[in-house]
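What follows is a single structure, written as structure tokens, with notes after it.
The values are calculated or read from the model by the stated rules, or taken from the named source; none is laboratory data. As the structure is a computational prediction, the values presented were derived from the model and not from experiment. Positions of Cβ are generated from backbone atoms using ideal geometry, with glycine treated the same way; all protein chains shown enter the neighbour counts.
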Amino acid sequence: MQILKKTYSKNNNEITLFEKLLGIDTVGQVCPTYNKTILIIGVFHGDEPQGKFLIEDYLNKANEQRTVNAKTLNPLTPTLSHGGRGRNRMLFIPCLNPDGLNNDTRQNANGVDLNRNFPTKNWKKTEKNEFFGGEKAASEIETKFVVEVIEEFSPDIILTIHAPFKVVNYDGPAETIARKISEIINYPVQHDIGYPTPGSFGTYAGVERNIPTITLELDEDIDIAELTTPMNKIFKYLALH
């Protein structure tokens, strides 16, 4: 994997965009051809750490396998020449809210719920509780970082990892993808999360920009290691379709 972009939170913690490198061709170079760009984001909320663990586990295993493949590369084997060509570009922000993660709080260091801070048509200033959307839309470093990533890399599909509702929520033209993810992880598809979310990321990316956007709500009551297998299948599905 390689770092494409980074910033620092209020408490000087790194927020990083990684790219998962694809296959290696017969001369050991990364294959650069992609069909789509997929963006996957973990830890919007600091008290939902699952995304960071699952993304980092996936990237570390992929990097280990890539290293093994490079060491065993036979330049005379033509079947390796296509490497990762034709697959999707996989971009990851493992932890969008490191300050909240360190403090075990939903909000960031400024007490802002990042999933209410996006510059949507329905953003509004709300009371200062756990869903506080900030003094103004896109006021937070973390929010600005995601907005910049979307503008710079133009993702075709976005997956955000949350907890604890055990549903596959979607915004924008994402129903088909949501139903496939539902099949893999055995959670129901739920188009409406059931309560108002002014300034939410789903509205910003899915509704207002028409990017297929999945909000995957994981089970927080089981060992996170039990989620690695279905999540790796989801990541693989997004990489190939």
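May I ask you to list pairs of residues, at least six apart or on different chains, whose Cβ atoms are under 9 Å apart, with the first in the range 1-12 being farther than 14 Å from Cys95 by Cβ and touching a residue at least 24 places away in the same chain (Cβ under 8 Å) and the second being part of a loop (DSSP other than H, G, I, E, B) and of a type outside the set (A, V, I, L, M)? What qualifies is Lys10/Asn108; Lys10/Asn110; Lys10/Glu140.
Condition check ((1) within 17 Å of Cys95 (Cα to Cα); (2) surrounded by fewer than 20 Cβ atoms within 10 Å (Cβ to Cβ); (3) β-branched (Val, Ile, Thr); (4) touching a residue at least 60 places away in the same chain (Cβ under 8 Å)) across all residues:
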residue	(1), (2), (3), (4)
Val168	no, no, yes, no
Ser182	no, yes, no, no
Asn186	no, yes, no, no
Ile234	no, no, yes, yes
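Looking only at residues in the range 4-39 that are at pLDDT 75 or above and not in a strand (DSSP E or B), the one that is surrounded by the most Cβ atoms within 10 Å (Cβ to Cβ) is Ser9. Here the range 211-232 is the region considered, the condition is being in contact (Cβ under 8 Å) with a residue 60 or more places away in the chain, among the hydrophobic types (A, V, I, L, M, F, W, C) and assigned to a loop (DSSP other than H, G, I, E, B), and the residue that is surrounded by the fewest Cβ atoms within 10 Å (Cβ to Cβ) is Ile211.
Only one entry of Gly42, Gly100 meets the criterion of being within 15 Å of Thr160 (Cα to Cα), of a type in the set (Gly, Ala, Ser), at pLDDT 90 or above and buried (at least 16 other Cβ atoms within 10 Å of the Cβ), and that entry is Gly42.
Just to be sure before I move on: is Pro212 modelled with pLDDT of 95 or more and either of a type outside the set (Gly, Ala, Ser) or over 19 Å from Met90 (Cβ atoms) (or both) in the structure I sent? For Pro212, the condition - modelled with pLDDT of 95 or more and either of a type outside the set (Gly, Ala, Ser) or over 19 Å from Met90 (Cβ atoms) (or both) - is met.
Given the structure, is Pro164 surrounded by fewer than 20 Cβ atoms within 10 Å (Cβ to Cβ) and farther than 21 Å from Asn232 by Cβ? When the stated conditions are applied, Pro164 does not pass them. When the residues of the range 47-96 are filtered to those that are in contact with an Asp or Glu (Cβ under 6 Å, 6 or more places away or on another chain) and either polar (S, T, N, Q) or at pLDDT 95 or above (or both), the one that is surrounded by the most Cβ atoms within 10 Å (Cβ to Cβ) is Leu96.
Just one of the listed residues (Glu142, Glu208, Glu148) is surrounded by fewer than 20 Cβ atoms within 10 Å (Cβ to Cβ), touching a residue at least 60 places away in the same chain (Cβ under 8 Å), within 19 Å of Val112 (Cβ to Cβ) and not aliphatic (A, V, I, L, M), and it is Glu148. Residues that are in a helix (DSSP H, G or I), at pLDDT 95 or above and not polar (S, T, N, Q): does the range 124-139 have at least one? The answer is no, given that none of the residues of the range 124-139 is in a helix (DSSP H, G or I), at pLDDT 95 or above and not polar (S, T, N, Q). A search for C-beta distances below 6 Å between a residue of the range 42-58 that is touching a residue at least 24 places away in the same chain (Cβ under 8 Å) and any residue that is among the charged types (D, E, K, R) and part of a loop (DSSP other than H, G, I, E, B), counting only pairs 6+ apart in sequence or on different chains, returns His45/Arg106; Asp47/Asp104; Asp47/Arg106.
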